[in-house]
């Protein structure tokens, strides 16, 4: 797509001399150019745009899945923890590196008023959890709201399903925390050696598509003096390929 | 006559019974065959997964992003937020507001930025984003995430609830340069590993690793320039005349940040913050060299580390076994001498 004022380029460009073919299904052919030609293009158009990861291509888009958007914690009873879970899945056929972060808009807050269930500190003492460190939360007298992670690509401090962290609180401008992360480049991709320097090596393998799955379990426990009411909050998940 | 009335009555009763049975059977069949109800699922994709652009001040470009809804119908909005890199593993932190000199708008006639719209299941929606750089914008990099975000629906019915909102993002990396030349100012900040033992002999440090164990190597690059770079090169493990090379993946290292680089390797480094994991090490002295080029027409930077790979576990087990055997024989010898005397 182009006009006198702009040109949109997609796919792999500026990747060294020669033709490139989609290694998966031969669906496109690109004649690529060397760096000097890119410089020429920049001078004539005023821009150069590259879309996608230049070192691996695949027709599979980056996809984020949540099994459900409501976690019903049921009727909360004092000293009787309640849990609910969401399955998260990230599919990528591209570079494979991705991050999923999470943050709560606020603590569990009574929808009609200002009462809230604060975020958990887990069992407390030596087992006090933080935004970045999960600890055991097994004490029925330890109150609050938090989450645990199990499955692929979850932080290593979630040692078991009894380990929890509090959510970051958007009201306090706390940054979202990483709950899933993979830094693996998709396997089966074998580049040619880079002599001399080329912006992206030619591929001789076929990238493998991959789906990674984890479960986030939300837990709430209240004391006997917690005011009655219906409590709710919004948890915001963000999935993005790494840059 | 009486007989006819009785007959009619019987016919009516049998028809009534038959209708009732058919109705009951239909009801049971309907109940059994009703599809089970599922909680609302979110299954979104966004393409392209990343865009990097080099643009002159005063220019404007258009990029089309396609969101696809593979799950249930939902309300969605497109928004753009700046981000900053965090840590050395490619993490990022979103800033709360869209600010800065770069201007964004949607060319679409049916949707606006930060305005929710209904997104039916199994459909795609293209957001045509116009990116405008004002004249005189300073040279440098500006980083954004283009987001497709679901709008949480609050319908609490007497139960405490956590409601999820899902966003999927695509990094947009804008390098502003008037001349077309981007600043390259980078260095290999770290090239190291954790030895099992380390000691000094004279002026040299000897590092010993267990040849039976995996050895993670960390190589990180610091970018001190105004623009992102994509370092390339190799990491080579040499012992004697044997060499094994691993190509560095040309990932983006953003301006004023440091990142652990990755190599094309069959070893799984996803769980470790390492560049490369060496395993099944040959016995002897290894020299591992990183040769990195940060951009075309720049000088290659090189750093080396060396270590001695020994079968430490095997040696330890052997020594312990020898000690036990020696102790056994010494004890027996002493016992015999006592018996003689």
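So if we plug the beta-carbon distance of residue B:113 and residue B:282 into 1/(1 + (r/R0)^6) with R0 = 51 Å, what FRET efficiency do we get, rounded to 0.05? Calculated transfer efficiency: 0.30.
Between residue B:326 and residue A:215, the distance separating the two model label sites (each 7 Å from Cα on the Cα→Cβ line) works out to 5.4 nm. The mean sequence distance of close C-alpha pairs (under 8 Å, at least 6 residues apart), as a share of the length of region B:186-313, puts its relative contact order at 31 percent. Taking Cα atoms only, the orientation of helix B:2-33 departs from the longest principal axis of chain B by about 20 degrees.
Shown is the FRET efficiency for residue A:160 and residue B:336, computed with R0 = 51 Å from the Cβ-Cβ distance and rounded to the nearest 0.05: 0.40. Note on residue B:256 and residue B:13: their simple-model spin labels are 9.5 nm apart, each label 7 Å out from Cα toward Cβ.
Look at A:100, A:154 and count the other Cβ atoms within 10 Å of each Cβ; fewest to most, that gives A:154, A:100. Under 15 Å from a label point set 7 Å out along the Cα-to-Cβ vector of residue B:201, the amide N atoms of region B:282-297 belong to B:284-286. Across peptide A:39-50, the average count of Cβ atoms from other chains found within 10 Å of a residue's Cβ is 6. Here the mean projected area of the convex hull built on the C-alpha positions of region B:107-148 is 4.2 nm². Inter-label distance, residue B:126 to residue B:151: 2.4 nm, where each label sits 7 Å from its Cα along the C-beta direction. When B:326, B:289 are sorted by how many other C-beta atoms sit within 10 angstrom of their C-beta, beginning with the fewest, the order is B:326, B:289. For a paramagnetic label modelled on residue B:315 (point 7 Å from Cα along Cα→Cβ), amide N atoms under 16 Å away belong, within region B:199-240, to B:199-201, B:205-213. Legend: ranking of residues A:180, B:300 from fewest to most surrounding C-beta atoms inside 10 Å; resulting order B:300, A:180. Treating r as the C-beta distance of residue B:302 and residue A:133 and R0 as 35 Å, the FRET efficiency rounds to 0.35.
GNM remark for chain B: springs join alpha carbons under 10 Å apart, and the peak mean-square fluctuation among B:179, B:241, B:220 falls on B:241. Take each residue in B:55-63, count the other chain C-beta atoms within 10 Å of its C-beta, and the mean is 5. Each peptide among A:226-232, A:44-50 gets the average number of other Cβ atoms lying within 10 Å of its residues, and from highest to lowest they stand as A:44-50, A:226-232.
Across chain B, the relative contact order, built from alpha-carbon pairs under 8 Å that are at least six residues apart, equals 14 percent. Against the main long axis of the alpha-carbon atoms of chain B, helix B:312-340 sits at an angle near 60°.
Only the coordinates and a few stated rules stand behind these numbers; no lab work does. Small disclaimer: the values here were computed from a predicted structure and weren't measured. Virtual Cβ from ideal backbone geometry, glycine too; neighbours counted across all protein chains shown.
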